[in-house]
1. Using DSSP loop states and a limit of at most 16 other Cβ atoms within 10 Å to flag GluC sites (Glu not before Pro), what is the longest stretch of the chain containing no flagged site?
2. Evaluate the charge dipole of region 93-177 about its Cα centre and quote only its size in Debye, nearest 20, assuming +1 on the Cβ of each Lys and Arg and -1 on the Cβ of each Asp and Glu.
3. What number comes out for the charge environment of Phe80, summing +1 per Lys or Arg and -1 per Asp or Glu over other residues with Cβ under 13 Å away?
4. Return a whole-number percent for the relative contact order of region 3-81, with Cα pairs under 8 Å and 6 or more residues apart as the contact set.
5. Please report the base-10 log of the normalised intensity I(q)/I(0) for region 93-177, using a Debye sum with one equal scatterer per alpha carbon and no solvent, at each q in 0.23, 0.26 (1/Å).
6. Summing Lys, Arg as +1 and Asp, Glu as -1, what charge do residues with Cβ under 13 Å from the Cβ of His63 carry, His63 excluded?
7. Take the Cα atoms of the chain, build their convex hull, and give its volume per residue in Å³.
8. Using modelled backbone amide H atoms (1.01 Å from N, in-plane), which distant-in-sequence or interchain residues come within less than 5 Å of Thr69's amide H?
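Nothing in this text is a laboratory measurement; each read-out follows from the coordinates by a stated rule. Computed from a prediction, not measured in an experiment: that's the story for all the values here. Note that each Cβ is placed from the backbone with ideal geometry, even for glycine, and that neighbours are counted across all protein chains shown.
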Amino acid sequence: MSIRHGLLALLDQGPSYGYQLRTEFEARTGATWPLNVGQVYTTLNRLERDGLVTPDGEDEEGHQFYAVTDEGRAELRSWFDSPVARTNPPRDELAIKLAMAVTVPGVDVRAVVQAQRLHSVKALQDYTRLKARALTAASDESAADTDLAWLLVLDQLIFQTEAEVRWLDHCETRLANRKPSARPAAAPARRVAKTQGEER
């Protein structure tokens, strides 16, 4: 998730201060990736350092506003125009867990898969209910663009979770067809204490 570019996109619509940016970011993403104000201001400081935003005065309550610079707009346009790279996929905890489970003796891998599948199906049901409510809200004449933004995020979560459930089903099939390994697992290396006078 690019908080950096998300904040630039919000500032492209007008100057804002940290709490406003956090609120608007979460409104557009349904708080799927919640931010804290400290995280927002840390990112703003880095954007200012890089010349992408600039301080734009304070209000009567002392809130520091920020505005996007021309360089920031160019960075934002480049982000929108460039596809998200898949050459270095992010670490996936579930994939790592299963990769480790099949190589560690004594782990019931099928139980791990089944437990995750139950959890993922429950999440899918929750996302589907949220989508039904979001569709109702989006059909209202007063619906804002943020309602559509939340629907897009929900669609991504649903498709991603559906794919995860299919992958887990595939994992179960692979495990059922797996042949017993003919090679015993390597024993962990042991450190042997050297006695005095032992050759080095």
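1. 62-140
2. Numbers: 9 positive and 12 negative charges, 98 e Å.
Using Cβ point charges on Lys, Arg, Asp and Glu, region 93-177 gives about 460 debye.
3. Numbers: positive: Arg73, Arg77; negative: Asp12, Glu75, Asp81.
Charge balance in the 13 Å sphere: -1.
4. For region 3-81, the relative contact order is 36 percent.
5. After summing over all Cα pairs, the log10 values are -1.04, -1.20.
6. Local net charge: -4.
7. Looking at the chain, the number lands at 254 Å³ per residue.
8. Here Val53, Thr54 satisfy the definition.
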